[in-house]
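What follows is a set of notes on a single structure, which appears directly below.
The values are calculated or read from the model by the stated rules, or taken from the named source; none is laboratory data. Predicted model, so just to flag it, every value in this text is computed and none were measured. Glycine gets a Cβ as well: all are built from the backbone with ideal geometry, and neighbour counts include every protein chain shown. Side chains included, ligands, DNA and RNA excluded: accessible areas come from the protein's heavy atoms. Shrake-Rupley method; radii C 1.70, N 1.55, O 1.52, S 1.80 Å.
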Amino acid sequence: MCTQHDDPYKQYQAELIEAGLLIPSGVRGVYGRSGTFENIIDQFEGLVTREGAFQNAEVMRFPPIFPRAHYARIDHINNFPDLMGSVHSFLGGEKEHQAMLGKFEAKEDWTSALSPAEVMLVPAACYPLYPTATGTLSAQGRVVDLKTFVFRHEPSDDPARMQIFRQREFVRLGTPEQALNHRNDWLARGQAILESVGLPVKKVLADDPFFGRGARIMKATQREQDLKYELVVPICKEDKPTAITSCNYHLDHFGISFDILQANGTPAHTACIGFGLERIALALLKTHGFDPQRWPHEVRSRLAMA
Ligand code: ZN
């Protein structure tokens, strides 16, 4: 056994690093991933694709950056300012460049010479979709299959709390019934998928880390309106399970923000399920061990590994 830590988060992190599954970068919560780790994600995604095939979803892939102008139309800055990621670059001329280099070489803070670029890092995989969906939906609405890296600035030694990680989502845009059914159906289906690979998940109402003065009200509203559920499973600590999948009903929030309309002309309702791919891989590794060749046969066969 490798280095022993009293902290169960640091302990699992050290084990993953010693096994070569995660490659530390020197910044907390930012890692490279090994081929074994990536293969677990690929195989799990294959399972999600097979289970979701009946939806005939439109497949779209957006990059992990999106327009600052679109960021300005969601309320992330109100609720999660401490988690955001903004991209900056150097927009000056020769004179400013020399000044910045002077600071850089003197090991002073040179980043004050940077200016905001036109993009932000994506905080949730479905956010880049909504600005592209402006307009009126058909009566059937839409189902979209998404996956991208998302960024959350929360440096941590908990290996399940990465600063940048992938979400695989199925998003529904349509009537209130279509959106709510999608959320509820996928909550049950997501639970069944995770249980079928040996993860004993529990369904809980979410408790998002809203920021500042409005936090108490936002938390209460989220709970009272029954908007967000998470599927949780112990990873590092038995009594502090980690959310590995979330199922969200956004009401007409994005419909209003991005002028997405139902066929009847009223703002569309949206819902999504998001699988946290790194966390699912970490939960599988914790539950079944670090060598996928030796995982239980049922799990391997479900993941098309055998
Ligand atoms: Zn989403």
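As a fraction of the 1.4 Å probe accessible area of segment 145-239, surface on carbon and sulfur atoms comes out at 50 percent. The mean accessible area for residues of the chain, using a 1.4 Å probe and ignoring ligands and nucleic acids, is 49 Å² per residue. The helix-based estimate of mean residue ellipticity at 222 nm for the chain, built from -39,500 (n - 2.57) per DSSP H run of four or more residues and divided by its residue count, is -10000 deg cm²/dmol to the nearest 500.
Annotation: lysines with alpha-carbon distance below 19 angstrom to K228 (same-chain offsets under eight excluded): K202, K203, K219, K240. Counting only lysines at least 8 places from K103 when in the same chain, those with an alpha carbon closer than 22 Å to its own are K95. Between F290 and S196, the C-beta separation translates, for a Förster distance of 25 Å, into a calculated FRET efficiency of about 0.75.
Helices in the chain that qualify as membrane-span-like (whole DSSP H runs, Cα extent of at least 18 Å along the helix axis, mean Kyte-Doolittle hydropathy of -0.5 or higher) are 35-52. Computed from label points 7 Å out along Cα-Cβ, the spacing between V59 and D157 is 4.1 nm. Farthest toward the positive end of the dipole of the chain, out of P292, P200, H76, is the Cα of P200, where the dipole comes from beta carbon charges about the Cα centre. With a Förster radius of 25 Å applied to the beta-carbon distance between K237 and A19, the computed FRET efficiency rounds to 0.80.
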